[in-house]
Amino acid sequence: MQPKKQHVLLLIWLFLCSSTAVDLELVAGVTIILSSNIFFYFRELPTPFRLNSPGLQTDLDNKMFGQHIASSIIFKAVNGFMSNTNSNKPLVLSLHGWTGTGKNVMSRLIAESIYTNGMKSRFVHLFTATLHFPHRHMIDTYKSQLQQWVRGNVTNCELSMFIFDEMDKMHPGLIDSIKPYLDYHDNLDGVSYGKSIFIFLSNAGGDIITNTALEFRKAGKYREEITLKDLEETLSLSVFNNQNGGFFHTGLIDKNLVDFFVPFLPLEYEHVVQCAMAEMRARNLEPNHDVANMVARDMVYSPKPEKLFSSTGCKTVQHKLNFYR
Ligand SMILES: Nc1ncnc2c1ncn2[C@@H]1O[C@H](COP(=O)(O)OP(=O)(O)OP(=O)(O)O)[C@@H](O)[C@H]1O
Ligand SMILES: *[C@@H]1O[C@H](CO)[C@@H](O)[C@H](O)[C@H]1NC(C)=O
Ligand SMILES: [Mg+2]
């Protein structure tokens, strides 16, 4: 533990991320500036990230099921990045896996470990390909828009987080517009991106991850024996060469700007049970194993003939639960 370092970080963030709030509230008079500013510190201060953060680790242990590789990479990556005071490259994570395996949950847990308001923080920006960048013919507009947003927001707060969801539906080429920001620089036009976090989410590579998980099972090995090494290289290659994805031949991968490719394993029956139990707890219902088993039995499992992995992960658990209560 290095309390001094934490203090320095806290001061840096106070300084970096509070200036805009003051600007916005200038009109409202001095007293309001003072009071709202104090309020602001409590409301929206990025919580000082404790080194070896028990917060993130506990969340990963209790809320993230069946993802031993992803949990361990994410903890090391985020913890390491947050305790480095002079990083000159943002942290770039690319999360891959089948639908419903926990990619959005993971980005939420990361956000909650850093910002008091988690995903609702003003410093967390979520872009969804089909929502924010739907039309192919507008790609040039999107490119400059995206650059402006990223630059503008990092100017306001160096410790900003950008999440790009549905990367596989993103038009190839668009993401390259932010490439310069992801590289090593002390600063770029006076803005330094070294404290920001970029997270990409996609289903690309899901089949490769599933095949690897299946091979391990067939060889009689445990799921927990799968390591990042078994997946990382094939994963980045397949993503790079997938013509339908936002990563197609992107400079992000070419230039090694993605720090970690994080595989999300397909979820099995027991994980669906865990999801259902967690969901009941979240709804303040008495967790009931029989109900959880009914939900899990109701899911579709693939691939044939083994039928080991839930086709939708834990995604439909919430709705199915309504059925059995
Ligand atoms: N590994 C997991 N641990 C705990 N809960 C999970 C996990 N995977 C999925 N869930 C549950 O299922 C829901 C859907 O998961 P999530 O949105 O994270 O999936 P995703 O990987 O982003 O899928 P998609 O690729 O379809 O966007 C979550 O709200 C959560 O309740
Ligand atoms: C920050 O990003 C949001 C999108 O999340 C955008 O609407 C806003 O204009 C950006 N702010 C600046 C100052 O560029
Ligand atoms: Mg998702």
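Bear in mind that the values in this text are calculations on the coordinates, not laboratory data. Quantities reported herein were computed from a predicted structural model and do not represent experimental measurements. Glycine gets a Cβ as well: all are built from the backbone with ideal geometry, and neighbour counts include every protein chain shown.
Structure values in brief
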read-out: Cα-based Rg of region 269-324 normalised by 2.2 N^0.38 Å, two decimals; value: 1.08
read-out: Cα-projected label distance for Lys76 with Lys304, points at 7 Å along beta-carbon direction, nm; value: 4.0
read-out: P(r), alpha carbons of region 54-264 - 5 Å bins starting at zero, rounded %; value: 1, 7, 15, 19, 21, 17, 11, 5, 2, 1, 0, 0
read-out: Additional length obtainable on full extension of the chain from Gln57 to Asn86, 0.36 nm per residue less Cα span; value: 8.1 nm
read-out: Kirkwood Rh in Å, taken over region 204-325 so that all alpha-carbon pairs contribute; value: 16.2
read-out: Semi-axes of the equivalent ellipsoid for region 78-166, Cα gyration tensor, largest first, Å; value: 23, 19, 12
